[in-house]
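This report refers to the structure that appears directly beneath it.
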Amino acid sequence: MNILVTGGAGYIGSHTVRALIAGEHRVIVLDNLSRGHTAAARGALLVRGDTSDTGLLAELFKKHKIEAVMHFAASSQVGESVREPSGYYHNNVVKGLALLDAMVQAGVPYLVFSSTAAVYGEPEEVPISEEHPTLPTNPYGATKLALESAMRWYGDAYGLRFTSLRYFNAAGADPAGDIGEDHTPETHLIPLVLQVALGNRPHLEVFGSDYPTPDGTCVRDYIHVNDLAAAHVLALDKMASGARSNIYNLGNGSGYSVLEVIKAAEEVTAKPVKVKYGARRPGDPAVLVAGSQKIRDELGWEPCFAGLHTIVDTAWRWHLGHPAGYEERNER
Ligand SMILES: NC(=O)c1ccc[n+]([C@@H]2O[C@H](COP(=O)([O-])OP(=O)(O)OC[C@H]3O[C@@H](n4cnc5c(N)ncnc54)[C@H](O)[C@@H]3O)[C@@H](O)[C@H]2O)c1
Ligand SMILES: O=c1ccn([C@@H]2O[C@H](COP(=O)(O)OP(=O)(O)O[C@H]3O[C@H](CO)[C@H](O)[C@H](O)[C@H]3O)[C@@H](O)[C@H]2O)c(=O)[nH]1
């Protein structure tokens, strides 16, 4: 298929682009490079542009006979969203709607959407199933939920078919070692821990040690980025063969605390990681662990990189090979 990947120069998007190309799809990446990297999108045609540019979208849909969109482009930091909700509503909801409208206008039938565990908020029970109530505790999760809701109504009214994938914590890197996680600023736990191990940061600040969890630090479900990428390909194939719109969680079903992640990183890297304890980060739920049985049953998805050490090891190989990331910040 001819597929437009928004945000395909970013972390998860670039790994999915690779999986799509391996599956012999033709990929056009649309990325404004606010956070992405040209080197990450290699192998695809990269168009530098914004998802709000409906003229550009119409042109790309027509010129490349686009049959499906994978929509990764978004602002995605929980803490930043609490401080600056306006930017999140604009980038994730307003621009997301522009994309949906352009798809409807051009008759592009299929959309795979990057949603998040943050739509659930503080869970009533774990593992969290797709039926769990959605009560986000931060604007980031609220904006993703808002677009999911729009997709549902657009589906009813205009026939848009979508799969929303609610990822838990994406981590790791392609074992090939040439693409990986490089956010500026970096806010995610695993890359930050590895930067400490590399000697690029003095310490890791643990955000809160008084949560109601076994060691007092937050528990998350880490999922390898290539396992996420594979799920996107499966979701698209399923829709193209007639499946209805759907929502799936994506996680491994195992929760690890911040301290457990640090310990795993020390074991993988054989380096000490200095820790300082700080305050809780606003908007952080204590525990997020996925129930992903639905996607296993319905799409046949199985993680290939399920263990925390394996995930951290692939990330470590990327960081060792690219201690300063993609090193192309001055191009922006
Ligand atoms: N990283 C995670 O753990 C995680 C978890 C759940 C959901 N998600 C979602 O997955 C998606 C990808 O996350 P990521 O970690 O790869 O983020 P990322 O920041 O690496 O990638 C996002 C990409 O989108 C681009 N972009 C942002 N706004 C744009 C716009 N308006 N127009 C064009 N391009 C734009 C950025 O330049 C960047 O390349 C996001 O939608 C995020 O909310 C991520
Ligand atoms: O310097 C740090 C960074 C993170 N953490 C903690 O480590 C855990 C993981 O934090 P991340 O920032 O790596 O990830 P989040 O759980 O906040 O968010 C990630 O997963 C969410 C869904 O669970 C969203 O989708 C979001 O896009 C994605 O970044 C959290 O408890 C956080 O408080 C620290 O203690 N210190």
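Structural remarks
- With the convex hull drawn around the C-alpha atoms of region 198-249, the volume per residue stands at 145 Å³.
- Residue-level accessible surface for Asp174, protein heavy atoms, 1.4 Å, Å²: 20
- Distance-filtered residues of region 146-161 - backbone nitrogen under 20 Å, label point 7 angstrom along His90 Cα→Cβ: 146-147
- For region 50-92, the alpha carbon positions stretch 39, 18, 9 Å along the principal axes, listed from largest to smallest.
- Residue order by solvent-accessible surface for Glu205, Glu327, Glu59, Glu181 is Glu327, Glu59, Glu205, Glu181, largest first, with ligands and nucleic acids left out and a 1.4 Å probe.
- When both bridge partners sit in region 191-308, DSSP labels roughly 25% of those beta bridges antiparallel.
- Were the residues from Ala176 through Thr54 laid out at 0.36 nm apart, the gain over their Cα-Cα distance would be 40.4 nm.
- Theoretical FRET efficiency, 1/(1+(r/R0)^6), r = Cβ-Cβ of Met1 and Glu122, R0 25 Å, to 0.05: 0.05
- Charge tally in the Cβ shell below 13 Å around Ala146, where Lys, Arg are +1 and Asp, Glu are -1, Ala146 excluded: +2
- Most positive-pole-ward Cα, Ala231, Val108, Pro85, against dipole of the chain from beta carbon charges: Val108
- Binned Cα-Cα distances of the chain, short to long, each 20 Å bin given as a whole percent: 33, 61, 7
- At q = 0.20, 0.24, 0.31 Å⁻¹, base-10 log of I(q)/I(0) for region 236-284 (Debye sum, equal scatterers on each alpha carbon): -0.85, -1.02, -1.13
- Listed values for region 217-228 are Karplus-derived 3J(HN,Hα) couplings in whole Hz (6.51 cos²θ - 1.76 cosθ + 1.60, θ = phi - 60°), namely 9, 5, 10, 9, 10, 8, 10, 5, 4, 6, 5, 5, and x replaces Gly and Pro.
- Considering only the chain, percent of DSSP beta bridges that pair antiparallel, nearest 5: 5
- Residue-level accessible surface for Lys276, protein heavy atoms, 1.4 Å, Å²: 100
- Residue-wise HN-Hα coupling along region 122-134, computed from phi with Karplus coefficients 6.51, -1.76, 1.60 (Hz; x: Gly, Pro): 6, x, 7, 8, 10, x, 8, 8, 5, 7, 4, x, 9
- Alpha carbon convex hull of region 1-97, volume per residue in cubic angstrom: 85
- Sequence-distant residues sharing a close amide H with Ala243 (under 5 Å, placed H): none
- Computed FRET value (nearest 0.05) for Cys304 with Ala243, which takes r as the C-beta separation and R₀ as 22 Å: 0.45
- Cα gyration tensor, region 36-184 - rounded (a/c under 1.5), prolate or oblate: oblate
- Across the protein chains, with a 1.4 Å probe defining accessible surface, the residues His309, His183 rank His309, His183 from largest area downward.
- For region 259-283, the residues whose backbone nitrogen is under 15 Å from a point 7 Å from the Cα of Arg83, taken along Cα to Cβ, are 279-283.
- Lysine pairs in the chain whose alpha-carbon atoms fall under 23 angstrom of each other, counting only those eight or more residues apart or on distinct chains, come to 11.
- At the residue level, Phe113 shows approximately 0 square angstrom of accessible surface with a 1.4 angstrom probe and all protein chains present.
- Contact order normalised by residue count of the chain, Cα under 8 Å, 6+ apart, percent: 20
- Computed over the alpha carbons of region 1-43, Rg followed by Dmax gives 9.2, 28 Å.
- Efficiency of FRET between Trp153 and Ala270 - r from beta-carbon atoms, R0 35 angstrom, step 0.05: 0.10
- For region 196-300, a Kirkwood hydrodynamic radius built from all Cα pairs, placed in the Stokes-Einstein relation at 20 °C and 1.002 mPa s, yields a translational diffusion coefficient of 133 µm²/s.
- Lys/Arg +1, Asp/Glu -1 at C-beta; the chain dipole; positive extreme among Met151, Phe168, Ala118: Met151
- Listed residues Tyr211, Tyr256, Tyr11, most fluctuating in the chain (Gaussian network, C-alpha, under 10 Å): Tyr211
The values are calculated or read from the model by the stated rules, or taken from the named source; none is laboratory data. For clarity, every value in this text was computed on a predicted model and none was experimentally measured. Reconstructed Cβ throughout: ideal geometry from the backbone, glycine too, with neighbour counts over all protein chains shown. For accessibility, only protein heavy atoms count, side chains too; no ligands or nucleic acids. Shrake-Rupley method; radii C 1.70, N 1.55, O 1.52, S 1.80 Å.
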